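Working notes for the structure below.
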Amino acid sequence: MLVRLYDIPEPSARIAALHEAGIELRRALAPERHVVVSWVRQQFGEGWASECEVSFARLPISCFRAQRGQDVLGFACYDATAKAFFGPTGVLESERNKGIGTALLLMALQAMAAEGYAYAIIGGAGPAEFYAKAVGAVPIAGSNPGIYAGLLRAGRPPGQER
């Protein structure tokens, strides 16, 4: 899916509302890498953990995270698989539908815009309706499986697509 970064909603009101509910959202810091990557691995698997780890190798770090106390609730990365790609992103199942995912999405896309991108690509977008509603994302014709064709996966039989 393709997102026009010059036309995304401002996330500050969402971030403030979540802060009032005890949820902190911000760009991750290097000392948090092991905590965030481990959480992503546990919740979403090795593939997303690998991408998340790459986001910590960038400066600025291209991973945002949500927390309540010392508990990670969600994350969003960009420029992990390819330049201008948003994702992976995920929110703890028990914390979904509270606006955390939307806030993380907007924070990451805003950061991409600040770095000079005009558009973002959401590769392998699962909930297409969510992205369309949240940021006006539109499908990119002929892009599936796109960059993910032939992706190596542990425990997958040869030839199985993403």
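Values computed for the structure shown
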| quantity | calculated |
| --- | --- |
| Any hit, the stretch 16-30, residues being surrounded by 22 or more Cβ atoms within 10 Å (Cβ to Cβ) and within 22 Å of residue 119 (Cβ to Cβ) | no |
| Among (1) under 15 Å from the mean Cα position of the chain (by Cα); (2) at pLDDT below 95, the one test that residue 55 misses | (2) |
| Contacts under 8 angstrom Cβ, first residue in the stretch 68-79 being touching a residue at least 12 places away in the same chain (Cβ under 8 Å), partner open to solvent by less than 10 Å² (accessible area, probe 1.4 Å) and assigned to a loop (DSSP other than H, G, I, E, B), 6 or more apart | 68/23; 73/23; 75/28; 77/62; 78/62; 79/62 |
| Near pairs, Cβ below 7 angstrom, 6+ apart or cross-chain, from the stretch 145-160 (farther than 12 Å from residue 124 by Cα and of a type in the set (A, V, I, L, M, F, W, C)) to any residue that is at pLDDT 85 or above and surrounded by 10 or more Cβ atoms within 10 Å (Cβ to Cβ) | 154/46 |
| Any hit, the stretch 68-84, residues being in contact with a Pro (Cβ under 6 Å, 6 or more places away or on another chain), farther than 19 Å from residue 33 by Cα and open to solvent by 30 Å² or more (accessible area, probe 1.4 Å) | no |
| In the stretch 35-65, residue surrounded by the fewest Cβ atoms within 10 Å (Cβ to Cβ) [restricted to those that are in contact (Cβ under 8 Å) with a residue 12 or more places away in the chain and not in a helix (DSSP H, G or I)] | 60 |
| Residue under evaluation residue 89, criteria (1) assigned to a helix (DSSP H, G or I); (2) hydroxyl-bearing (Ser, Thr, Tyr); (3) closer than 27 Å to residue 138 by Cα, criterion not met | (1) |
| Verdict on residue 41 being within 20 Å of residue 152 (Cβ to Cβ) and not aromatic (Phe, Trp, Tyr) | yes |
| Meets criteria (out of contact with any helix residue (DSSP H, G or I) (no Cβ under 6 Å at 6 or more places or on another chain), assigned to a helix (DSSP H, G or I) and either closer than 25 Å to residue 43 by Cα or open to solvent by less than 20 Å² (accessible area, probe 1.4 Å) (or both)) for residue 101 | yes |
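The values are calculated or read from the model by the stated rules, or taken from the named source; none is laboratory data. If you're wondering where the values come from, they're calculated on a predicted model, not measured in any experiment. Note that we place each Cβ from the backbone using ideal geometry, even for glycine, and neighbour counts take in every protein chain shown. Side chains are part of the model used for accessible areas, which takes the heavy atoms of the whole protein and leaves out ligands, DNA and RNA. Shrake-Rupley method; radii C 1.70, N 1.55, O 1.52, S 1.80 Å.
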